[in-house]
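Accompanying notes for the structure given below.
The values are calculated or read from the model by the stated rules, or taken from the named source; none is laboratory data. Not measured: the values here are computed from a predicted model. All Cβ positions, even for glycine, are placed from backbone atoms using ideal geometry, and neighbour counts span all protein chains on display.
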Amino acid sequence: MPSISATLLPSPANLPAEASAPRPTILIVALAARALAAAAVRTGYAPLIADGFGDADTRALAVAFHRVSSDAAGGLDPASCRAALAALRRGRAPPVGLVYGSGFEACPEHLTTLAPSLPLLGNVPAVVRALKTPARFAAICARLGISHPAIRQDAAPDAGWLEKQAGAAGGGHIRAVPLGHAPAPGHYLQRRVAGKPISALFLADGQHAMLLFFTAQWSDPVPHAAFRYGGALRPAPLAPTIAAAMTAAVAKLVAASGLVGLNSADFLVREGDFDLLEINPRPGATLDLAPGPVFRWHLAACRGSLPTRPPIFPAAAAAAIVYARQATRLPAAFNWPAWTADRPLAGEYVPAHAPLCTVRAAGRDAMRVHARLRARRERILARAEECATMAGPARNAALSRPTRRGSGARRGPP
């Protein structure tokens, strides 16, 4: 099957704008909406955004913006989201639909209540619930013959288990547990298995899957969060046979579950083998590494249509979350490099270990791109620590940085 380059495929964002033809609006709600909003703008849409961070560059992308609050589990509070989305729509022509990102994995039943008169451009609640309920997902994998680490709800019989929060994301909720430990309410145990973390970004139309790319991923551990999400690099070094087997596993899951739109699958890969850890049934952490009209592909896939030819991504790309090493407040004059994103507002309080920003890098050689990314991480941390005003606890909750990141971890206002 012939291929097309994702960097060359034309989209409305690449064509001259007509003053008499305003961009169609679209609602976007997520714990961290910036990557979705940027993809929407590239494809010619005008985003109306509700998210949990309110970063400066997210607001700059938005036609209108509302910050929303978190729920007790660290996801998005449904009532806050409904109020924000109603305010965003007030006095405007109806948007083309609602696109959502992370924040609803633990309460997918609320997705259809957020903007009930608009198309939901993503997976329906039943699909999200089936894939994000640990026991149901394990049963699906067993039925399809896909290797998945064992899970349990009772006490650990040995020390080889991890405790995870059901419906959480990003790794910050995961911890190793000792013999005899029983999971807390809303948590479960999963057998700890060896392997390198690899994620697959794919499109689905309810029956078929189209793999976009694999990424190698890594954690950025701290004592209280040993598995905290760090970043991702495309392409991942995979043997063709393993890549083909992982692609087949994704195809089986799409056919069995009815997934639509952009989704990701997280694996642990060993020599000649792999385990599927989970499916993220919405656009996720590697969206920044998908250039071109990926948002248009997402909308089309939600409506049952995949690209006629698989895209190719000739260059390497990487993105990483930079976490603050100390509590800080950056001055208004702080100069953000172009390779940063998810930038806090001037004067916003950033707690220690909270996400400071995202750094990105691209180029022809994956190893050099990864090295450049690491150097940029250290550079922005050094600059921030040199320029920052050290501060005590935030005096204004509206300018207080959440402590967990949303593109790969749960986030929301404190």
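Quick check on my filter: what residues within the range 41-59 are closer than 23 Å to residue 80 by Cα and part of a helix (DSSP H, G or I)?
Once the filter is applied, which keeps residues that are closer than 23 Å to residue 80 by Cα and part of a helix (DSSP H, G or I), the range 41-59 yields 56, 57, 58, 59.
In this structure, does residue 205 turn out to be crowded, with 18+ Cβ neighbours inside 10 Å, of a type in the set (D, E, K, R) and farther than 25 Å from residue 357 by Cβ?
Yes: the conditions hold for residue 205.
Table: residues versus (1) in contact with a strand residue (DSSP E or B) (Cβ under 8 Å, 6 or more places away or on another chain); (2) buried (at least 21 other Cβ atoms within 10 Å of the Cβ); (3) of a type in the set (A, V, I, L, M, F, W, C); (4) outside any loop (DSSP other than H, G, I, E, B).
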{"residue": "159", "(1), (2), (3), (4)": "yes, no, yes, no"}
{"residue": "173", "(1), (2), (3), (4)": "yes, yes, no, no"}
{"residue": "180", "(1), (2), (3), (4)": "no, no, no, no"}
{"residue": "189", "(1), (2), (3), (4)": "yes, yes, yes, yes"}
{"residue": "197", "(1), (2), (3), (4)": "yes, no, no, yes"}
{"residue": "218", "(1), (2), (3), (4)": "yes, no, yes, yes"}
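For residue 64, all conditions in the list (1) in contact with a strand residue (DSSP E or B) (Cβ under 8 Å, 6 or more places away or on another chain); (2) of a type outside the set (Asp, Glu); (3) at pLDDT below 95 hold save one; what is the number of the exception?
Of everything listed in (1) in contact with a strand residue (DSSP E or B) (Cβ under 8 Å, 6 or more places away or on another chain); (2) of a type outside the set (Asp, Glu); (3) at pLDDT below 95, residue 64 misses just condition (3).
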